[in-house]
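Read through the structure below, which is laid out as C-alpha cells, and then see the notes.
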Amino acid sequence: MIRGNLEGVKKSYINELEALFEIDLDKNLIISKDILNVLSRISWELKREISIYINRRGKIVDIAIGDSETVNLEEIFEKRKEGGLSGIRCIHTHPSGQGELSVVDITALVSLRFDMMVAVGVNEGKPIDFSIGLISVIDGMLSKRADILGPYEAGIIESIDALKLIREVEEKLEERVFILEEKAKEKVILVAAGNDDLYTVEESLEELKELAETAGAEVVFKLYQKKSKIDPATYIGSGKAREISLLRQSLMADAVIFDDQLSPAQIRNLEEILGCKVIDRTALILDIFAQRAKSKEGKLQVELAQLKYRLPRLTGFGAMLSRTGGGIGTRGPGEKKLEIDKRHIMRRINDLEKELEAVRNTRQVQREKRLSNEIPVVSIVGYTNAGKSTLRNKLCEIAGVDKEKVFEANMLFATLDTTTRLVNLPNGKDVLISDTVGFIRKLPHELVEAFKSTLEEIIYSDLILHVVDASNKNAEAQIKVVNSVLEEIGAGDKRKILVLNKMDIADCESLEILRGKFKDVVEISAVEGTNLDVLLKVIQDNVYKDMIRAKLLIPYSDTKVVSYLHQNNCIEKEEYTEEGILVCINTTKDVYGRIKEFEVE
Ligand SMILES: Nc1nc2c(ncn2[C@@H]2O[C@H](COP(=O)(O)OP(=O)(O)OP(=O)(O)O)[C@@H](O)[C@H]2O)c(=O)[nH]1
Ligand SMILES: [Mg+2]
C-alpha cells in the first residue's frame, strides 16, 4: 500500500508505485537507477516528495507520498538492537529542488535512527543529484548529528555500496551496543525439526529452552516441525521460514535458535529470510561454554572450538553479524572479540593448538606421576545437571583428604574443568575422584575435539561412575547419550558403575523402569547423602578388585622399595628382621608387578 497524501493522485501512478514492491533490489545498492527514475518522474508530475524505505535485505518495505512527517514511520521499523540503527534506509525525492539534506531530513534521520537518509534532487522528471546522511557516532553511541556525503551526480548512485557505509557506522558502535545487549535479555524464538529419536521433539525443545536460558536469553516462542526430510537450503521448509519471519516481527524477537547444527549455507539463507541472527544448537552450547570456562585450559579449549566452528561461517551477512551482533551465539571467551579476518583466525587456531599441546603435555606428566603412585582414578561422568559435582563434594565431605569444593549449581554446564580430589575408602586406601564436564545430546563435535585433553582424564581412569538424574523423565535417553559420548572419546570399554542419583525426588514408576533396564545400579541421593557408604564400598570393590596379597622381604639396601610401598598405602604388616624388612602387602597388580622380585613364601 502506498501511504501519505494521495489526494488527486492518478490510479496509474499508484499502480506503478505499487509494482515496485515486487522488485528485489540488490541489497548493496542504495537504490537502483530504474527505481529512482520511476520515483523522479512521478514525483515531478505530482510536485510532491516520494519516500521509499528499504531494509538490509534490499526489500522495499514502504513507499510514501508527501513529506516524511505525514506518515507514521514507527510501524515499518524492524525491532533492532537498543542503541543501534533501525535497519531501514530512506531515500526520498526533492522535486524541483536540490539533492541536499534539509534540517527536517536530518532530524528524521537521527530521531528514527535510519541506516541512512538519501535526498535526490529532481528536475524535469529526472534525478539530478543526491546526498547521503549517516548518523555520526560519538563515543561509541549514535549522536544527534549527521555526517553528510555528496551531493553527487545522480548517475553514480549504483556505484556506492550502501551496506558498507552502514557497516562502518555499526563498527564504531560495536562496543556500546555490546554492553547494552548484555543488560537487556535477548528475546529468542526456538525451532526444532525432525523426527523423534531418543527425545520427542517437544522434550528436545524443552531442553533447548533450558540451554537458551542458561545462555541468558528470554524464550518468547517455541515451535517445531515434524518432518522426516531436512531441507538442505533452509533446514525447515521455506514456507515455514517465512511464517517464522512474520512471527519474529510481531514478537519483536532478536534471534531464532535452531535445535540442530546448521550448515553455513543454511544459516545464511535463514538469516536472509528471517532478517535476524540465526543461532544453531552448537553455537548456543559454545556460547554457554564461553561464559563458564574458568581455567586457562578451559578457556583455550572453548576459544579453539569457537574459532573452528566459525571459520567456515565467516562470509557475507553472517560475518557482519558476528562482529556487530554481541549477545548469544557470538560471545567470545573472556572479553575477547573474534576477528573476522580469516588469516588472523587461522593463525590464532594454530597458536591455540600449540598452547593446548603444551598443556596436554603437562597433564601427561602429572598423569604419569600419578600412575607411578598407583592411586586409582575414578571419573564421575554424566549428563549435564545430573549431580556430578554435588556427589563429588559430598564424597569429599565424608571421606575427603582435601576439601576444596567444586562449583555445583542447578544450571547446565556448571563444571567445565576437570578437578581431581583424594578420597579415602573404607579399607583405608585412597582413590582420586575427578569431576568432569557434563555431556549433552548432540554435543558439538568441535567441543569434543577441543576438550580432548580434559576428556582424556576419563580414558585414563580406572573406573567410571556414570551419574544419572533418576528424577528426569528422559533419564534413559540421557544414559544412552552419555554412553555414546564415552564411545566417541574411546572410553567405551572402561569399567562403569551406573549411579542413580536424586532418589529423594525420583518417582517410583520411572525408577522401576530404570531398575528393570539397567542391572547393578547404585541408588543414591547426593544432596541428602543417602547410600554414599554403599557407593564407596562399591568403588572400593571395583578399584581394588584384583588385589593381590603378598609377603615380601626387602633387604636394608633397598629401603627405597619400602617407601614406595608406604606411598601406595598398601602395607598391612611391617617387621624388621636380621635379613631385611618383612612386609605383608595388599595391593594392585601394577604395584605388585614392580616389587614381585622381593616376594617370599
Ligand atoms: N533433589 C536432589 N537434587 C540434587 C541431587 N544431587 C544434585 N542435585 C541438584 O542438581 C543440581 C545440579 O547439580 P550439580 O552437582 O551441579 O550437577 P552436575 O552434574 O555437576 O552439572 P554440570 O556440572 O552442569 O554438568 C543442583 O541444583 C543440585 O543441588 C540429589 O541427590 N537430589
Ligand atoms: Mg558439575
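Among 512-525, 23-36, the peptide with the highest mean count of other Cβ atoms within 10 Å heads the list, and the full ranking is 23-36, 512-525.
Residues whose amide H comes within less than 5 Å of that of Ile88, counting only those at least five positions distant or on another chain, are Asp115 (H built at 1.01 Å from N in the peptide plane). With the charge dipole of the chain set up from +1 on Lys and Arg Cβ and -1 on Asp and Glu Cβ about the Cα centre, the Cα lying farthest toward the positive end among the listed residues Leu447, Leu391, Ala215 is that of Leu447.
From the Cα gyration tensor of segment 374-543, with a ≥ b ≥ c the square roots of its eigenvalues, which class applies: rounded if a/c is under 1.5, or else prolate if a/b is larger than b/c, or else oblate?
Note, shape of segment 374-543 comes out rounded.
Cross-link pairs exceeding 30 Å in C-alpha to C-alpha distance, out of Lys10/Lys126; Lys187/Lys452; Lys27/Lys442; Lys442/Lys496, comprise Lys187/Lys452; Lys27/Lys442. If only the Cβ of Lys and Arg carry +1 and only the Cβ of Asp and Glu carry -1, the dipole of segment 2-172 around its Cα centre is close to 220 debye. Counting only DSSP beta bridges whose two residues both lie in the chain, roughly 50 percent are antiparallel.
Distances longer than 34 Å among the Cα atoms of the chain: what percent of all pairs is that? Mind showing how you got there, number by number?
Working: 99374 of 180300 pairs.
That tail contains 55 percent of the Cα-Cα pairs.
Computed in the context of the full set of protein chains, the accessible area of the chain at 1.4 Å probe radius has 50% of its extent on carbon or sulfur. Suppose we keep just the DSSP beta bridges with both residues in segment 433-586; what percent of those would be antiparallel, to 5? Looking only at bridges with both residues in segment 433-586, the antiparallel portion is about 55 percent. Diffusion coefficient (Stokes-Einstein, Kirkwood radius over C-alpha pairs, 4 °C, 1.567 mPa s) for segment 2-172: 82 µm²/s, rounded to a whole number. State, as an integer percentage, the relative contact order of the chain based on alpha-carbon contacts under 8 Å between residues 6 or more apart. In percent, rounded to a whole number, it is 8. The order of the peptides 438-448, 158-168, 253-263 by mean Cβ neighbours within 10 Å, most packed first, is 253-263, 438-448, 158-168. Among beta bridges from DSSP that stay inside segment 2-172, the antiparallel ones total about 70%. Between segment 558-601 and segment 491-529, the C-alpha centres lie 39 angstrom from each other. Averaged per residue, the chain has 45 square angstrom of accessible surface, using a 1.4 angstrom probe with ligands and nucleic acids left out.
From the Cα gyration tensor of segment 548-600, with a ≥ b ≥ c the square roots of its eigenvalues, which class applies: rounded if a/c is under 1.5, or else prolate if a/b is larger than b/c, or else oblate?
Values: a/c = 1.55, a/b = 1.52, b/c = 1.02.
Prolate is the answer for segment 548-600, as a/c is 1.5 or above and a/b outweighs b/c.
Sequence-distant contacts, meaning Cα pairs under 8 Å at least 6 residues apart, place the relative contact order of segment 451-527 at 35 percent.
The values are calculated or read from the model by the stated rules, or taken from the named source; none is laboratory data. Everything quoted here is computed from the prediction, not taken from an experiment. Here the Cβ is made from the backbone with ideal geometry for all residues, glycine too, and neighbour counts use every protein chain on show. Areas reflect the complete protein model, heavy atoms only, side chains present, ligands, DNA and RNA absent. Shrake-Rupley method; radii C 1.70, N 1.55, O 1.52, S 1.80 Å.
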